[in-house]
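The values are calculated or read from the model by the stated rules, or taken from the named source; none is laboratory data. All of these numbers come straight from a predicted model, not from anything done at the bench. Don't worry about glycine lacking a Cβ; one is built from the backbone with ideal geometry, like all the others, and counts go over all protein chains shown. What goes into the accessible areas is simple: the full protein's heavy atoms, side chains included, and nothing from ligands, DNA or RNA. Shrake-Rupley method; radii C 1.70, N 1.55, O 1.52, S 1.80 Å.
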Amino acid sequence: MARDLASLARIARFWGFALCSVFSVGAFYIFLTGAPLVASRTFGLSPAAMGLVLGSITAGFFLGSALSARLSTRAGIPGMVLASRFVACAGLGFGLVAYGLGQMSPVTYFGATIFVGIGNGLTTPSANAGMLSLRPDLAGNAAGLSGAMIVAGGAGLSTLTGLILRPESAAPMLLALLLAACLIGLMAALWLWNTADRTRPAR
């Protein structure tokens with residue numbers, strides 16, 4: 001196992017896919033940590049409405065997954081991962097601009113964050129396929145190591161979110177944290193795109 005993990009660690013593109021996955025899923029953990037505070041203290045939503053808000057990002061993930069099944073064969077793995085990260089960043093950027101202009105409501109705010117779920121639904125299948133196809137003989141190791149990184153990254157980002165957010169500034173700060181995580185995923189996706197071998201099947 002140690003030799004297999006060492007071999008996997010020497011594959012640079014594995015780390016590109018893994019980091020993209022860590023910060024894509026990490027944005028979901030950030031949302032789950034901060035959204036209840038924003039929903040209750042900023043917008044004064046009822047518990048029932050808060051449940052809808054928390055479920056909205058999962059609905060976005062299902063939508064993104066459905067779109068991924070239709071688009072991935074045409075876009076290829078690097079293209080799909082890159083486009084999905086742009087989708088997430090664009091939605092959050094719109095939310096921050098709307099907040100800065102004073103045009104913020106629960107629908108506008110959580111309509112922006114739902115793009116995190118859509119982007120993750122588009123990212124996850126392609127990123128997983130890319131990681132597992134790099135070395136098929138190490139697919140199990142790749143799945144285990146990336147899964148551990150995602151859990152650890154999510155725990156770290158959740159803790160960081162809890163330490164940073166304050167009731168009086170929770171709404172813009174949550175959007176900023178989500179955008180920061182998605183931008184790191186976007187940088188990893190750009191690296192994957194730029195280093196892709198165009199002469200072989202995209203992965």
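Remark: spin-label model distance residue 7-residue 108 equals 5.5 nm, labels positioned 7 Å along the Cα→Cβ axis. The label point for residue 176 and the one for residue 148, both projected 7 Å from the Cα toward the Cβ, are 3.5 nm apart.
Round to the nearest 0.05 the FRET efficiency obtained for residue 66 and residue 166 when R0 = 22 Å and r is the Cβ-Cβ distance.
Values: r = 37 Å, r/R0 = 1.68.
According to the calculation, E is roughly 0.05.
A 1.4 Å probe run over the protein chains yields, for region 31-145, 44 Å² of accessible area per residue, whole-number rounding. Once the Cα-Cα distance is subtracted from the 0.36 nm per residue extended length, the residue 155 to residue 97 segment shows a gain of 18.0 nm. Roughly how many Å is it from the Cα centre of region 43-61 to that of region 118-148, as a whole number? Result: 29 Å between the Cα centres.
Helix by helix through the chain, keep the DSSP H runs that span 30 Å or more along the axis on Cα and average at least 1.0 on Kyte-Doolittle, and give those back in order.
Numbers: long enough: 12-37 (38 Å, 1.39); 47-100 (41 Å, 1.19); 106-134 (42 Å, 0.82); 139-164 (37 Å, 1.22); 170-194 (36 Å, 2.01).
For the chain, where a helix must reach 30 Å along its axis and average at least 1.0, the hits are 12-37, 47-100, 139-164, 170-194.
Summing -39500 (n - 2.57) over the DSSP H runs of n ≥ 4 in the chain and dividing by its residue number, what mean residue ellipticity at 222 nm do you reach, to the nearest 500 deg cm²/dmol?
Numbers: 6 runs with 168 residues, N = 203.
Dividing the helical sum by the residues of the chain leaves -29500 deg cm²/dmol.
Measuring nothing but protein heavy atoms, the accessible surface of region 40-153 at 1.4 Å probe radius is 71 percent carbon and sulfur. Just going by the charge dipole of the chain, with Lys and Arg at +1 and Asp and Glu at -1 on Cβ, which of 151, 192, 65 is farthest out on the positive end? The residue sitting farthest along the positive end of the dipole is 192.
A dipole drawn for the chain from +1 and -1 charges on Cβ atoms has a positive end, and of 101, 111, 87 the residue lying farthest that way is 87. Under the criterion of Cα pairs below 8 Å and six or more residues apart, the relative contact order for region 5-158 equals 41 percent.
Shown here: Cα Rg over 2.2 N^0.38 Å, derived from the displayed model; of the candidates (i) 1.05; (ii) 1.16; (iii) 1.10, it corresponds to (i).
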